[in-house]
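The values are calculated or read from the model by the stated rules, or taken from the named source; none is laboratory data. Quick caveat, the model's predicted, so the values are computed rather than measured. All Cβ positions, glycine included, derive from the backbone under ideal geometry; neighbour counts span all protein chains shown. Just the protein is used for accessible areas: all its heavy atoms, side chains included, with ligands, DNA and RNA removed. Shrake-Rupley method; radii C 1.70, N 1.55, O 1.52, S 1.80 Å.
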Amino acid sequence: MVIGATLLAATSLAGVTQAQALTVGVSIPAADHGWTAGIVYHAQRVAEELMGEYDDLEIIVKTSPDPASQANAVQDLAVQGIDALVILPTDPDPLVNAIMQVKSQGAFVTLVDRAPSNNDNNVRDLYVAGNNPALGAVAGEYIAETTPDAEVVVIRGLPIPIDQQRQDGFDAALEGSNVKVLEKQFGNWNRDDAFRVMQDYLTKYPKIDVVWAQDDDMVVGVLQAIEQSGRDDVQYVIGGAGSKDMIKKVMDGDAMIPVDVLYPPAMIGTAMELTVAGLMDQVPVAGTYILDATLVTKDNAENYYFPDSPY
């Protein structure tokens, strides 16, 4: 079952009558880089908003740096007594047993973003995630339409399934076009590693039209490398995720960052809103909710700009 985009609108929290007291535990990674810092920010932001809407709702947000400490955090939440668990795992497979234990006690479980090998109804009731294949496809389509004869370099993330899904979507979008991909290297979703990869590309290739960096953190390193090189042949860079710095560049009409592709850390808030609406209002939210990989342009960028977010 796929829950459509209309569900969120149908479950507006304004004016909802409290049916019963509810405690929701939210378990997320610690803010060890930009995207997870955004996760923490949006989890805390939405927790405050939801508790303001519902008189007797309690939301407990716990952050953890690794799977072992997150398993302990989930167990602590279970001991405190929770009606629902919203969890974005640091690493999903090692946490399956802890998640299933909570679910076996009758709690509603919403899994966010990082899916375990057995991502089925035995592990969770609701799955909320970004669209990884579409993140790559949207970037590829923009390049093919905007610069149809471009020579492109690619900076991938880590050699894991999420990265491959993004790359597959990108490659499929370029099939049949005149866009030439010069090379692909891993930047590990890290701005320093992406800086080094981009330096290597600038040394190897006398002409580069476009860079697809797959992640906004890496775009920071890419832009730094281009600026230090003094090169003016790179027309633009496309990242992904929707960091506030990149969204602001799009808003301001920065020629090097004309667009961005959403894979928003705000998805944790969406998961929390759906979970609370489902339990409070008996809205059928079980299943899968995949967020759109929206192309952020100057026309719509303001809708995705959170100036107070760390990411």
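Return yes or no: is residue 103 out of contact with any Cys (no Cβ under 7 Å at 6 or more places or on another chain), charged (D, E, K, R) and assigned to a helix (DSSP H, G or I)? Here the answer is yes, as residue 103 does meet what is asked.
Tell me whether region 139-157 contains one or more residues that are under 30 Å from residue 207 (Cβ atoms) and modelled with pLDDT under 95. The answer is yes, given that some residue of region 139-157 is under 30 Å from residue 207 (Cβ atoms) and modelled with pLDDT under 95. Taking the criterion of being open to solvent by 10 Å² or more (accessible area, probe 1.4 Å) and touching a Ser or Thr at 6+ places or on another chain (Cβ under 6 Å), the residues of region 74-88 that qualify are 82, 83.
Only residues that are surrounded by fewer than 21 Cβ atoms within 10 Å (Cβ to Cβ) and outside any loop (DSSP other than H, G, I, E, B) were counted in region 156-166, giving 5. Name the pairs: first residue in region 286-306 and more than 10 Å from residue 260 (Cα to Cα), second residue of a type in the set (Phe, Trp, Tyr), Cβ to Cβ under 6 Å, at least 6 apart or on different chains? Note: pairs meeting the criteria are 288/127. For region 167-177, which positions are open to solvent by 60 Å² or more (accessible area, probe 1.4 Å) and of a type in the set (D, E, K, R)? Once the filter is applied, which keeps residues that are open to solvent by 60 Å² or more (accessible area, probe 1.4 Å) and of a type in the set (D, E, K, R), region 167-177 yields 168, 175.
With respect to the conditions (1) in contact with a Leu (Cβ under 7 Å, 6 or more places away or on another chain); (2) under 25 Å from residue 245 (Cβ atoms); (3) open to solvent by 30 Å² or more (accessible area, probe 1.4 Å), residue 153 lacks only one, and its number is (3).
If only residues of region 44-73 that are crowded, with 18+ Cβ neighbours inside 10 Å and among the hydroxyl-bearing types (Ser, Thr, Tyr) are counted, the one that is modelled with the lowest pLDDT is 54. Taking region 178-188 as the range and being out of contact with any strand residue (DSSP E or B) (no Cβ under 7 Å at 6 or more places or on another chain) and under 17 Å from residue 239 (Cβ atoms) as the test, only 188 passes. Could you check region 58-100 and list, in sequence order, the residues that are outside any helix (DSSP H, G or I) and under 13 Å from residue 24 (Cα atoms)? Matches in region 58-100: 58, 59, 60, 61, 62, 81, 82, 83, 84, 85, 86, 87. Would region 244-251 turn up any residue that is acidic (Asp, Glu) and either under 19 Å from residue 296 (Cα atoms) or modelled with pLDDT under 95 (or both)? Yes; the residues of region 244-251 include at least one that is acidic (Asp, Glu) and either under 19 Å from residue 296 (Cα atoms) or modelled with pLDDT under 95 (or both). Of the conditions (1) of a type in the set (Val, Ile, Thr); (2) open to solvent by less than 20 Å² (accessible area, probe 1.4 Å); (3) at pLDDT 90 or above; (4) out of contact with any helix residue (DSSP H, G or I) (no Cβ under 6 Å at 6 or more places or on another chain), residue 3 fails just one. Which one is it? Tallying (1) of a type in the set (Val, Ile, Thr); (2) open to solvent by less than 20 Å² (accessible area, probe 1.4 Å); (3) at pLDDT 90 or above; (4) out of contact with any helix residue (DSSP H, G or I) (no Cβ under 6 Å at 6 or more places or on another chain), residue 3 fails exactly one: (3). Looking across region 145-177 at every residue that is among the aliphatic types (A, V, I, L, M) and farther than 18 Å from residue 237 by Cβ, the one that is farthest from the chain's Cα centre (by Cα) is identified as 172. Collect the residues in region 108-120 that are more than 25 Å from residue 171 (Cα to Cα) and touching a residue at least 60 places away in the same chain (Cβ under 8 Å), keeping them in residue-number order. Answer for region 108-120, where residues must be more than 25 Å from residue 171 (Cα to Cα) and touching a residue at least 60 places away in the same chain (Cβ under 8 Å): 108, 110, 112.
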